[in-house]
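Following: one structure in structure tokens, then a few remarks.
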Amino acid sequence: MLKSLDEYSDTELFYMLCDDKKTAEKAFSEIFARHSSKVYAFCRRFLGNKEEAQDLFQETFIKFHQSASKDRAMTNLSAFLVTIARNLCVNYKRKDKPAISFEDYMAHSDDMTGDKNELLELVKSSLELLPDEYREIFILREYDGMSYNEIAKMINQPLNTVKVRIHRAKQKMREILQPYLAEMSKYE
């Protein structure tokens with residue numbers, strides 16, 4: 001008797017994608033159920049736009065399904081899915097939108113007043129202002145909880161580069177948030 005799909009490992013489910021159509025559909029549904037929220041959260045945080053994130057989230061699973069092959073060795077399905085999402089997001093950002101300059105943002109932030117909800121929105125906005133190479137690793141580290149080594153392997157960069165970029169991302173976010181936090185502290 002076959003075991004329930006939730007008893008299979010991600011790797012086993014991945015290889016089941018090449019089985020008969022009915023088995024493949026069930027395996028894909030289980031993979032989707034297990035990993036869709038993480039992939040969507042990555043896309044949403046990286047892009048900062050709900051509609052764009054939804055489009056690339058769907059495209060991630062389409063590309064994943066198209067890449068299913070018994071010839072491919074699969075050891076970390078979650079990282080594989082996030083890598084697909086990351087590549088789609090990076091490519092989309094490259095071709096899509098001009099970035100807001102840090103100076104324009106700082107000029108706008110001088111007249112901000114706030115409360116905690118506004119601070120949360122500002123944190124989201126500050127994340128969008130980070131250069132892509134800082135944003136993606138910051139998201140992978142702080143939101144997805146990946147280790148420095150996992151990030152280095154995923155983005156194919158040396159470990160020290162990852163550490164430096166995360167440090168710089170945090171510094172840049174502090175710079176962006178500092179005027180707002182200073183203004184907010186006047187009212188407490």
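The values are calculated or read from the model by the stated rules, or taken from the named source; none is laboratory data. Keep in mind that this is a model prediction, so the values were computed, not measured. Using ideal geometry, Cβ is built from the backbone for each residue, glycine included, and neighbour counts are taken over all protein chains shown.
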Positions within region 30-51 being more than 15 Å from Glu136 (Cβ to Cβ) and in contact with a helix residue (DSSP H, G or I) (Cβ under 8 Å, 6 or more places away or on another chain), in sequence order
Glu30, Ile31, Phe32, Arg34, His35, Ser36, Tyr40, Lys50
Quick check on region 69-81. Is at least one of its residues modelled with pLDDT of 90 or more and surrounded by 15 or more Cβ atoms within 10 Å (Cβ to Cβ)?
yes
Tally time: how many residues in region 25-45 are touching a residue at least 40 places away in the same chain (Cβ under 8 Å) and of a type in the set (A, V, I, L, M)?
3
Among (1) of a type outside the set (Lys, Arg); (2) under 18 Å from Lys93 (Cβ atoms); (3) modelled with pLDDT under 85, Ala169 falls short only on (3)
Regarding Ile84, is this residue surrounded by fewer than 14 Cβ atoms within 10 Å (Cβ to Cβ), within 21 Å of the chain's Cα centre (by Cα) and of a type in the set (A, V, I, L, M)?
no
For region 123-148, name all the residues that are buried (at least 20 other Cβ atoms within 10 Å of the Cβ) and in contact with a Lys or Arg (Cβ under 7 Å, 6 or more places away or on another chain).
Leu127, Leu130, Tyr134, Glu136, Ile137, Ile139
Which residue pairs have Cβ atoms under 8 Å apart, sit 6 or more places apart or on different chains, and have a first residue in region 49-63 that is without any contact (Cβ under 8 Å) to a residue 60 or more places away in the chain and a second that is hydroxyl-bearing (Ser, Thr, Tyr) and part of a helix (DSSP H, G or I)?
Glu52/Tyr92; Ala53/Tyr40; Gln54/Tyr40; Leu56/Tyr92; Phe57/Ser36; Phe57/Tyr40; Phe61/Ser36
State whether one or more residues within region 45-59 are closer than 19 Å to Tyr8 by Cβ, among the hydrophobic types (A, V, I, L, M, F, W, C) and surrounded by 15 or more Cβ atoms within 10 Å (Cβ to Cβ).
no
With criteria (1) surrounded by fewer than 16 Cβ atoms within 10 Å (Cβ to Cβ); (2) part of a helix (DSSP H, G or I); (3) not charged (D, E, K, R), Ile151 comes up short on (1)
Pairs returned, first residue in region 114-135 that is at positive phi and aromatic (Phe, Trp, Tyr), second residue that is modelled with pLDDT under 80 and exposed (fewer than 15 other Cβ atoms within 10 Å of the Cβ), beta-carbon separation under 7 angstrom, 6 or more apart or interchain, are none
